[in-house]
1. Spin-label point model (7 Å from Cα, Cβ direction): what's the Trp148 to Met300 distance in nm?
2. For segment 120-208, what is the accessible area per residue in Å², given a 1.4 Å probe and the full set of protein chains?
3. Given an 8 Å cut-off on Cα distances and at least 6 residues of separation, report the relative contact order of segment 282-400 as a percent.
4. Can you quote the Å³ per residue value for the convex hull of the Cα atoms in segment 256-392, rounded to an integer?
5. Over 22 Å between Cα atoms, which of Lys133/Lys447; Lys305/Lys377; Lys40/Lys188; Lys274/Lys461; Lys73/Lys133; Lys133/Lys188 qualify?
6. Report Rg (one decimal) and Dmax (nearest whole number) for segment 252-315, counting Cα atoms only, units Å.
7. What's the percent breakdown of Cα-Cα distances in segment 173-222 across 10 Å bins, shortest bin first?
8. In the P(r) worked out for segment 374-468, what percent of Cα pairs fall beyond 16 Å?
Amino acid sequence: MGFCKWFLLAFLCVLAVDDGGLLLLSNGGVTSSFVRNEEKSIDMPFDSDVFRVPSGYNAPQQVHITQGDHVGKAVIVSWVTVDEPGSSTVLYWPQDGTQKDQATGQITTYKYYNYTSGYIHHCTLHNLEFNTKYYYEVGIDHTTRTFWFVTPPAVGPDVAYTFGIIGDLGQTYDSNITLTHYEMNPIKGESVLYVGDLSYADHYPYHDNRRWDSWARFVERSVAYQPWIWTAGNHELDYDPSFGENKPFKPFLHRYHVPFEASRSTEPLWYSIKRASAYIIVLSSYSAYGTYTPQYMWLMEELPKVNRSETPWLIVLMHSPWYNSNTYHYMEGETMRVMFEPWFVQYKVDVVFAGHVHAYERSNRISNVAYNIVNGKCTPVFDQNAPVYITIGDGGNIEGLATIMTEPQPNYSAFREASFGHATMEIKNRTHAYYSWHRNSDGYAVKSDSVVFFNRYWYPKNESAIET
Ligand SMILES: [Fe+2]
């Protein structure tokens, strides 16, 4: 090799260095060569400080909130009491208000093999003002605890809003690092798009449901103060006929309520909300989605309802990714992709977030919708009407990282790396949103992968020219 070729190679290598180390360029995109120290991910023990039970008789624990209606003027407050049912009333008041309002919810319990749940309270606060800080108090008549949240701005096309994105969190030491990085990130997420697999209680014999309790105590420090938008993953299926638990999703559906009826869904496993300038559709990878099924019929009627003049950003959450070039769970999302991808292209979905694979991957804008059994057109192609697909199942759960990628990196894959982390999506206006992924091994402010999304409806240009 002559001097000129060596010089050119060296120049290309310098070009390929970013915050995380050397990037290997291939046909498909970037497979980061950042190597995380391989350590087994183990659950934090029950006596860890992050699982501490609040003191006081019948003190509310596992406090969490989510959006409670279709537009962001309601919040569902949930918590657990263990000594006795206690009150399901929530007192709440705006930061600048003098009058306390109250709402009263309902209590549910469930049994799971030899486990009996605490008293699970769900209470919806309605008719809140947009863009307002509220305090709320639970545990009335016994030990009370007070938290706060900020309602989103009124729905509108140029409303700035920042989402965090977390998936497959679990409750290991790595999970704790992921949540801490999300909290410490200078880009402040205002609510979390959670793409499924919460506690991993089913990892334990008889799905030890005390791990559902400990998980909810662990994440309370975030989800009591900002809504997490829930997606069901395979670890929420949580059934096992071998010990008589035959009903899928039983612990999850008792513990996590969502406003599915507000979007005319018939099941809490798929639904939609509007939040600021975003329309968010949540799908269930583990519910039927074939033609004529309730989820299929709901989505078919839902997509035409999205008014991009009101909510320019169309975001879909699901658990099992459609475009995944990791060997882990390879092609598990394929059947749902075949059913729904033509609609995503037709209605110009901006971005799809999925979890399940314990690594990170971002796709190019590609589609694979031309195949009709006989034409042989079954390869993803670049398509500016298509979403970007992001796999972010890298929250840090007990199953560890998925480190083995398919080779070579396919063309649809823009960036992939097996590290734990979280992402943020800062919507600026109807045309631009700043997206970044943050690996746990870096400092809180470091963006390990980032791109500016151009809105598919208002500004459908190719973003790849300005990837950062
Ligand atoms: Fe999963």
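The values are calculated or read from the model by the stated rules, or taken from the named source; none is laboratory data. Because the structure is a prediction, the values reported are computed rather than measured. Don't worry about glycine lacking a Cβ; one is built from the backbone with ideal geometry, like all the others, and counts go over all protein chains shown. Calculation scope for accessible area: heavy atoms of the full protein, side chains included, ligands and nucleic acids excluded. Shrake-Rupley method; radii C 1.70, N 1.55, O 1.52, S 1.80 Å.
1. In this crude label model, Trp148 to Met300 measures out at 4.8 nm.
2. Normalised by residue count, the accessible surface of segment 120-208 is 34 Å².
3. Contact order relative to length: 25 percent.
4. Normalising the Cα hull of segment 256-392 by residue number yields 119 Å³.
5. Over 22 Å Cα-Cα: Lys133/Lys447; Lys305/Lys377; Lys40/Lys188; Lys274/Lys461.
6. 12.0, 36
7. The distribution over segment 173-222 is 22, 50, 22, 5, 0, given as percents.
8. 65 percent
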